[in-house]
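Undergrad: Once you've had a glance at the structure underneath, I'll fire off some questions.
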Amino acid sequence: MRGKVIVHQDRARGSLLRGVDLITNLVGPTLGPLGRHVVLQRFDAPPLVTNDGVTIARSVEMLQDPVTNQGVQLLREVASTAEDFLGDGTTTAMLLARAILHASYQRVVEGASPEALCRGVDAGVAAAGEWIRSQARPADGRRDLARVATIASRDGHIGELVADALIRVGADGLVRIEDDRAYGIKLEFHEGMRFDNGLLSPGLASDPRLGEAVFEQPYILVADERITQVRQLVPVLSAITEERAPLLIVADEVSGDALTLLVLNVTKRRLPAVAVKAPAFGPDRTEALRDIAVLTGAEVLGPGTGRVVESAGLDQLGRAERVIATRAETTIVGGHGEPASIAARARQAEAGLAYLQSEYEREKRRLRLARLAGAVAIIRVGLDTQAEQQETRHRIRDAVQAGRAALTDGIVPGGGTTLLRAAVAIQNGHDDEEASGRAVVRAALEAPLRQLAANAGIDPSLAVTRVRSMPPDHGLDIETDRQVDLVSAGIFDPAKIVRSTLEIAASVARACLRADVIIANQPSPRQRRRGHGHSHDHHNNSATEEAAAVG
């Protein structure tokens, strides 16, 4: 069993901050248009070249000092939280967290109460957040969206594609990022409800050469049950045969004798029919089946709904203008469901979107909304190497999230300027120790601009002084070192991301400040072996120590 290290906060502070610094010293130089990349060695894949803050943070481990490792984990938590809730802004959030922690610990050493300090930090963050919200202006159509997405991805072509996608599907619409065998990055739109599962048997294809079935005006059976017996399908197939219409079956499972019967009918040209497996799993599958039913005007059949497939007739089936089923996917175009019912179902799905905790869950909900709306944007990525493919997908994802944030909450001047100017909203108040916390936030708000300036070879302190003396909306164009009207120059950020990075950074830093004792795991023997030979002098924040941390 691995041992534990128990250290009181006053003794652990230095080691903890070294872990925090180690991460930010790696991710800080990647920030902004002149930021650099980091090469990550991976044991099971080719090296990855990236400037994505959360990817870099997740690749770092400190193997020698368990308390320093807690500082590493703290910044990884900041990055992961920003990734989950925002999809972008991870590096800025980590820089703000480091600045808040360093300044706060200095105040504690000078005698400030951690609790009062935290209250001051809370008040400062709240005031700055409200000021940032008040400065937001609506994104001005496609041009602003393209610029936001270009800044997030550092690629003009990606920015243009993301803007086109979001204009078409909306802020809550689905933009999927998929690998492609063909070289290049391109955008596609798919009309209708599309899901990944396709033909359950090649024998169901109406065009065996293409391996697909295309039906006009089909009936649609939606079943939350396993269909394995011939008797389950006989009543429906008899009714469909009389109508001389095609049939699509979407069910938990269609197999055994039931699938054999369908294939036999298709091959002998008695009945054009196709069966596909319902999308998703568990509760998500149940919701997907209900969505398909509402879109097509069908009833969901199954033991839990009061009517099983075996007792169903034409009245329980839905209709659509067209169905295309391939080996990999199914698309339903022009469902005959009631528009009011479809709209109500979409509102129900959309209402819970803001309360979902992870980006993964939100993306699944957007997928449902996109299916109901009948529009999906797909950005296909085909590049030379796996590493290039993965890094580009990361940048596209960041661009999509930044574009969504700009659509929902507007934009503010970028280049670290809005955070810097937000300090004017933070007043000291009457409590001296709380005033110290507010001062911590005011100082921390300089951190992103300082890092951007440093990455451009500009003196950070001089950059802060210059921007403070400029008119509102003006700031530094980091690439040219000139004063510009930032919004007119196309240098702006989504207000939601600017505001939320500060809130996330402060939240994690505040939790650390309130902790009095750190309990950490001793490194395992395997970790000791991996770390053997690297610097053990934890007072020397050297390149050797940083190199030891990347794995």
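The values are calculated or read from the model by the stated rules, or taken from the named source; none is laboratory data. In this text, all values refer to a predicted model and were calculated from it rather than measured experimentally. Backbone-built Cβ (ideal geometry, glycine too); neighbour counts: all protein chains shown.
Undergrad: Is at least one residue of the range 132-142 free of Cβ contacts under 8 Å to residues at least 24 places away in the same chain, in contact with a helix residue (DSSP H, G or I) (Cβ under 9 Å, 6 or more places away or on another chain) and assigned to a helix (DSSP H, G or I)?
TA: Checked the range 132-142: at least one residue is free of Cβ contacts under 8 Å to residues at least 24 places away in the same chain, in contact with a helix residue (DSSP H, G or I) (Cβ under 9 Å, 6 or more places away or on another chain) and assigned to a helix (DSSP H, G or I).
Undergrad: Cβ-Cβ below 7 Å, separation at least six or inter-chain, first residue in the range 1-30 and closer than 23 Å to residue 446 by Cβ and small (Gly, Ala, Ser), second at pLDDT below 75 and buried (at least 20 other Cβ atoms within 10 Å of the Cβ): which pairs?
TA: 19/62
Undergrad: I'd like to verify a number: residues in the range 227-269 that are among the hydrophobic types (A, V, I, L, M, F, W, C) and outside any helix (DSSP H, G or I), how many?
TA: 8
Undergrad: With respect to residue 293, determine if the residue is under 24 Å from residue 234 (Cα atoms) and not in a helix (DSSP H, G or I).
TA: no
Undergrad: Restricting to the range 296-319, name every residue that is part of a strand (DSSP E or B) and more than 33 Å from the chain's Cα centre (by Cα).
TA: Listed by number, the residues that qualify are 301, 302, 307, 318, 319.
Undergrad: Follow-up question, since we're still on this one. Out of the range 157-172, which residues are among the small types (Gly, Ala, Ser) and either touching a His at 6+ places or on another chain (Cβ under 8 Å) or within 8 Å of residue 377 (Cα to Cα) (or both)? Steps first, answer last, please.
TA: Just the residues of the range 157-172 that are among the small types (Gly, Ala, Ser), to begin with: 159, 163, 165, 170-171.
The answer is 165, and nothing else.
Undergrad: Looking at the range 305-341, which of its residues are surrounded by fewer than 16 Cβ atoms within 10 Å (Cβ to Cβ), over 24 Å from residue 200 (Cα atoms) and touching a residue at least 40 places away in the same chain (Cβ under 8 Å)?
TA: 336, 338, 341
Every residue, every condition in (1) in a loop (DSSP other than H, G, I, E, B); (2) hydrophobic (A, V, I, L, M, F, W, C); (3) in contact (Cβ under 8 Å) with a residue 12 or more places away in the chain, yes or no:
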position	(1), (2), (3)
454	no, yes, yes
458	yes, yes, yes
470	yes, yes, yes
475	no, no, yes
479	yes, no, yes
489	yes, yes, yes
498	no, yes, yes
501	no, no, yes
504	no, yes, yes
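Undergrad: Follow-up. Return the pair list, or none, for Cβ contacts closer than 6 Å from residues in the range 212-223 that are farther than 15 Å from residue 317 by Cα to residues that are at pLDDT 95 or above and not in a strand (DSSP E or B), at least 6 apart or on different chains.
TA: 215/246
Undergrad: I'd like the residue in the range 150-166 that is over 24 Å from residue 368 (Cα atoms) and either of a type in the set (Gly, Ala, Ser) or not in a helix (DSSP H, G or I) (or both) and, out of all such residues, is farthest from the chain's Cα centre (by Cα).
TA: By that ranking, first place goes to 156.
Undergrad: Being among the aliphatic types (A, V, I, L, M) and at negative phi is the filter; apply it to the range 270-290 and report the residue that is surrounded by the fewest Cβ atoms within 10 Å (Cβ to Cβ).
TA: 271
Undergrad: Take the residues in the range 373-394 that are of a type outside the set (Gly, Ala, Ser) and buried (at least 23 other Cβ atoms within 10 Å of the Cβ), then tell me which one is farthest from residue 347 (Cα to Cα).
TA: Among them, the one singled out is 379.
Undergrad: State which residue is modelled with the lowest pLDDT when the search covers only the range 41-63 and only residues that are farther than 19 Å from residue 455 by Cβ and crowded, with 17+ Cβ neighbours inside 10 Å. Quick ask: steps written out before the conclusion?
TA: Residues of the range 41-63 that are farther than 19 Å from residue 455 by Cβ, as a first pass: 41-48, 58-63.
Restricting the remaining residues to those that are crowded, with 17+ Cβ neighbours inside 10 Å gives 48, 59-63.
Details: 48: 81, 59: 85, 60: 82, 61: 71, 62: 59, 63: 56.
Once the filter is applied, the top-ranked residue is 63.
Undergrad: Does any residue of the range 88-101 turn out to be under 20 Å from residue 400 (Cβ atoms), at pLDDT below 85 and buried (at least 20 other Cβ atoms within 10 Å of the Cβ)?
TA: Taking every residue of the range 88-101 in turn, at least one turns out to be under 20 Å from residue 400 (Cβ atoms), at pLDDT below 85 and buried (at least 20 other Cβ atoms within 10 Å of the Cβ).
Undergrad: Same structure, new question: In the range 290-326, how many are more than 12 Å from residue 193 (Cβ to Cβ), touching a helix residue (DSSP H, G or I) at 6+ places or on another chain (Cβ under 9 Å) and among the β-branched types (Val, Ile, Thr)?
TA: Total meeting the criteria: 3.
Undergrad: Of everything in the range 412-445, what is farther than 21 Å from residue 487 by Cβ and either in contact with a strand residue (DSSP E or B) (Cβ under 7 Å, 6 or more places away or on another chain) or among the acidic types (Asp, Glu) (or both)? Give them in sequence order.
TA: 431, 432, 433, 434
Undergrad: For the structure I just gave you, tell me whether residue 403 is under 24 Å from residue 71 (Cα atoms) and crowded, with 24+ Cβ neighbours inside 10 Å.
TA: no
Undergrad: Within the range 291-299, is even one residue surrounded by fewer than 20 Cβ atoms within 10 Å (Cβ to Cβ), modelled with pLDDT of 95 or more and in the same structural domain as residue 213 (by TED's automatic domain parsing)?
TA: Within the range 291-299 (the criterion being surrounded by fewer than 20 Cβ atoms within 10 Å (Cβ to Cβ), modelled with pLDDT of 95 or more and in the same structural domain as residue 213 (by TED's automatic domain parsing)), the answer is yes, since at least one residue qualifies.
Undergrad: I've got another one for you. Taking the conditions exactly as written (surrounded by 17 or more Cβ atoms within 10 Å (Cβ to Cβ) and at pLDDT below 90), does residue 486 satisfy them or not?
TA: In short, no.
Undergrad: Here's something else I'd like to know. Can you say whether residue 412 is within 26 Å of residue 102 (Cβ to Cβ), at pLDDT 90 or above, among the hydrophobic types (A, V, I, L, M, F, W, C) and not in a helix (DSSP H, G or I), as far as the supplied structure shows?
TA: Considered against the rule, which asks whether it is within 26 Å of residue 102 (Cβ to Cβ), at pLDDT 90 or above, among the hydrophobic types (A, V, I, L, M, F, W, C) and not in a helix (DSSP H, G or I), residue 412 comes out as yes.
Undergrad: Looking at residue 409, is it touching a residue at least 12 places away in the same chain (Cβ under 8 Å), out of contact with any strand residue (DSSP E or B) (no Cβ under 6 Å at 6 or more places or on another chain) and within 30 Å of residue 284 (Cα to Cα)?
TA: Criteria met by residue 409.
Undergrad: Pairs only if they're at least six apart or on different chains, beta carbon under 7 angstrom, first in the range 49-60 and farther than 11 Å from residue 28 by Cα, second assigned to a helix (DSSP H, G or I) and among the hydroxyl-bearing types (Ser, Thr, Tyr); list them, first residue then second.
TA: Qualifying pairs under 7 Å: 54/80; 54/90.
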